[in-house]
Amino acid sequence: MYKKSLYKTNLFLIFGVIAIVISLSGLLLLFSNIIKAELKYQFKKINLSNKSKEKQVLLPVKPVDNNFSVIIPKIDINAKVIPNIDPFNSKEYLDALSKGVAHAKGTSYPTEAGNTFIFAHSTTASIINVNRYNAIFFLLDKIEKEDMIYVVYKGKSYQYKVYNKVIVDPNRVDFLTQKSKRQTLTLMTCWPFGTTLKRLLVFAEKN
């Protein structure tokens, strides 16, 4: 009787361990893109700190799309930009965000004066959507003043220098309509990642 009870206990323990392993594997798979992005960023930081203390110049890589792309060397972003997307039409921008990041309809293009607005965020707090919609701008909070951002548009590259970064409430849409004689760039994503609680915005100006 004792042996049978011990056998059942061991069996439950084995099944418990298997269930935990399967659950952890599922979580790793779900967050694989985010984990990969964070590891690449940390590895790059270690490499740069081990090299010369002089300021490192990170050159942009070949763009994924010569028609419209955004490149941020510091956080290894090289993403296709889907142009002229309505930021208030969830069906339209979710479709765009499954292919890259979105350029907000009504905002400027890099060849024009004014603000070019590019966004990547999810519309639901569902954990399933974290990898699909948020991974591209997942490390956007690592961007700081003086960091460089490159936008490739119709075969030409444009360089922007970051001058500010803010976190705001989701009802702040005035950034979409701001007018400027300067040539500026705004990047936006949901914050914290995987939620729609706040918006993280990075502002840069063309060099």
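The values are calculated or read from the model by the stated rules, or taken from the named source; none is laboratory data. Quick caveat: nothing in here was measured; it's all calculated off a predicted structure. Glycine gets a Cβ as well: all are built from the backbone with ideal geometry, and neighbour counts include every protein chain shown.
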Residue count, region 173-207 (criterion: more than 16 Å from LYS145 (Cβ to Cβ), touching a helix residue (DSSP H, G or I) at 6+ places or on another chain (Cβ under 8 Å) and either free of Cβ contacts under 8 Å to residues at least 12 places away in the same chain or among the aliphatic types (A, V, I, L, M) (or both))
1
Contact list, first residue from region 160-172 and closer than 16 Å to PHE117 by Cβ, second anywhere and charged (D, E, K, R) and part of a strand (DSSP E or B), beta-carbon distance below 6 Å, six or more apart or interchain, is TYR160/LYS206; TYR163/GLU205; VAL168/ARG199; PRO170/ARG199
Residue count for region 93-114, restricted to those that are part of a loop (DSSP other than H, G, I, E, B), in contact (Cβ under 8 Å) with a residue 24 or more places away in the chain and surrounded by 14 or more Cβ atoms within 10 Å (Cβ to Cβ)
5
A careful count of residues in region 38-75 that are of a type in the set (S, T, N, Q), within 17 Å of the chain's Cα centre (by Cα) and modelled with pLDDT of 90 or more gives 1
Conditions (1) in a strand (DSSP E or B); (2) closer than 22 Å to GLY106 by Cβ; (3) at pLDDT below 95: number failed by THR186
(3)
Can you name the condition, by its number, that ASN78 falls short on among (1) closer than 23 Å to PRO170 by Cβ; (2) of a type outside the set (A, V, I, L, M); (3) modelled with pLDDT under 95?
(1)
Please enumerate the residues belonging to region 168-183 that are of a type in the set (A, V, I, L, M) and either at positive phi or assigned to a loop (DSSP other than H, G, I, E, B) (or both).
VAL173
Please verify whether PHE203 is within 15 Å of HIS103 (Cα to Cα) and not in a strand (DSSP E or B), treating the condition exactly as stated.
no
Members of region 131-149 that are crowded, with 20+ Cβ neighbours inside 10 Å and either at pLDDT below 50 or not in a loop (DSSP other than H, G, I, E, B) (or both):
TYR133, ASN134, LEU140, ILE149
Spot the failing condition for SER90; the list is (1) modelled with pLDDT under 90; (2) of a type in the set (S, T, N, Q); (3) crowded, with 18+ Cβ neighbours inside 10 Å, and only one is missed.
(3)
